[in-house]
Amino acid sequence: MGGTPLPDGIKLIDENGKRLDGRRPDELRPLKIEAGALKRANGSAYLEWGNNKVMAAVYGPRECHPRHMQDPTKALVQCHYNMASFSVDDRKRPGPDRRSQEISKITSEALTHVVFTEYFPKTSIDVYIEVLQANAGTRCAGLTAASVALADAGIPMRDLVASCAAGKIDDTVVLDLGKEEDNFGQADIPVGYIPRDDEIVLLQMDGDLTADQFKTGLNMAIEACKKIYDVQRDALKRKYTLPAGKTDEGGGVN
Ligand code: ADP
């Protein structure tokens, strides 16, 4: 991020307005979600979004440990985002780092907005997000998968959170940055959105944008979240309407 020039004068957008992977500026990478991919978790979801592969698992509501963290009035939604060592080209050092702590925090905050935490005082709802393959946009992928996993666990929620980023490359506002676009682009705006209430529960910005570009990017991300929301709902509908013994093959966009 930050406008670094691409090697050998390669352009992120060509003269026909197409991006490196052939997408139009407002086009999402292909997205597939499968609800209930894990047997042992109370709820789970597996998601493939472009070259991102993410598993989310939910445990709880269960007794909150350590006890001093318990809230007598509501449940804590605790997210644990982790990128596997093999998820990126260079081996990632295992274990938590500042980035994973930040993503865990913002994901917990976004999900706390939708869960009826007051129904489960003193408990913890643990949400594990494991990135198996990373290719930019993993915080949005993780939040999108985690919402489906929470619903699959039967946790009472106001709605699902859908998440997608917009950004700026070659001075053009685009949707859903890929890896090269994230590395060599000028800005990234991850958004978490609740369609039913038309409410934003996550908004971050990295890079430089004018006020107009920011508005365009935000609107683009919100429109994309509405499509992602349909894919999330479809995943849940498939899981709960498929005949016994039939396995889900993942629906999706594109
Ligand atoms: P997001 O995945 O939400 O876009 P970042 O903007 O921080 O979050 O990261 C962009 C991308 O950079 C990641 O999706 C991943 O492909 C890559 N990346 C992040 N951390 C590392 C790391 N420690 N080693 C190698 N690649 C990384």
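Against the test of being open to solvent by less than 40 Å² (accessible area, probe 1.4 Å), closer than 17 Å to ASN52 by Cβ and free of Cβ contacts under 8 Å to residues at least 40 places away in the same chain, the options SER108, SER85 yield a single qualifying residue, SER85.
Could you list, in sequence order, the residues of region 190-205 that are outside any loop (DSSP other than H, G, I, E, B) and buried (at least 16 other Cβ atoms within 10 Å of the Cβ)? Show your work before the answer.
Start the filter on region 190-205 by keeping residues that are outside any loop (DSSP other than H, G, I, E, B), which leaves 190-194, 199-203.
PRO190, VAL191, GLY192, TYR193, ILE194, ILE200, VAL201, LEU202 - these are the residues of region 190-205 that are outside any loop (DSSP other than H, G, I, E, B) and buried (at least 16 other Cβ atoms within 10 Å of the Cβ).
So, ASP208, is that one more than 23 Å from ALA37 (Cβ to Cβ) and open to solvent by 30 Å² or more (accessible area, probe 1.4 Å) or not? I'd like the intermediate steps shown before the answer.
Values: more than 23 Å from ALA37 (Cβ to Cβ): yes; open to solvent by 30 Å² or more (accessible area, probe 1.4 Å): yes.
Judged against the criteria, ASP208 is a match.
Can you say whether GLN133 is within 16 Å of the ligand (Cβ to nearest atom) and in contact with a Lys or Arg (Cβ under 8 Å, 6 or more places away or on another chain), as far as the supplied structure shows?
On the way: within 16 Å of the ligand (Cβ to nearest atom): yes; in contact with a Lys or Arg (Cβ under 8 Å, 6 or more places away or on another chain): yes.
Judged against the criteria, GLN133 is a match.
With the condition kept exactly as written, say whether any residue in region 58-77 is within 21 Å of ARG233 (Cα to Cα) and either of a type in the set (Phe, Trp, Tyr) or more than 10 Å from the ligand (Cβ to nearest atom) (or both). Yes, some residue in region 58-77 is within 21 Å of ARG233 (Cα to Cα) and either of a type in the set (Phe, Trp, Tyr) or more than 10 Å from the ligand (Cβ to nearest atom) (or both).
Assess whether LYS105 counts as being in a strand (DSSP E or B) and either basic (Lys, Arg) or within 13 Å of the ligand (Cβ to nearest atom) (or both). Give the derivation first.
Numbers: in a strand (DSSP E or B): no; either basic (Lys, Arg) or within 13 Å of the ligand (Cβ to nearest atom) (or both): yes.
No: the conditions fail for LYS105.
Output the residues belonging to region 50-70 that are part of a strand (DSSP E or B), surrounded by fewer than 23 Cβ atoms within 10 Å (Cβ to Cβ) and under 21 Å from the mean Cα position of the chain (by Cα). LYS53, MET55, TYR59, GLY60, listed by residue number.
The values are calculated or read from the model by the stated rules, or taken from the named source; none is laboratory data. These figures come from a predicted structure and were not determined experimentally. Every residue, glycine among them, receives a Cβ derived from its backbone with ideal geometry; neighbour counts consider all protein chains shown. To get the accessible areas, we keep the full protein, side chains included, count just its heavy atoms, and leave off ligands, DNA and RNA. Shrake-Rupley method; radii C 1.70, N 1.55, O 1.52, S 1.80 Å.
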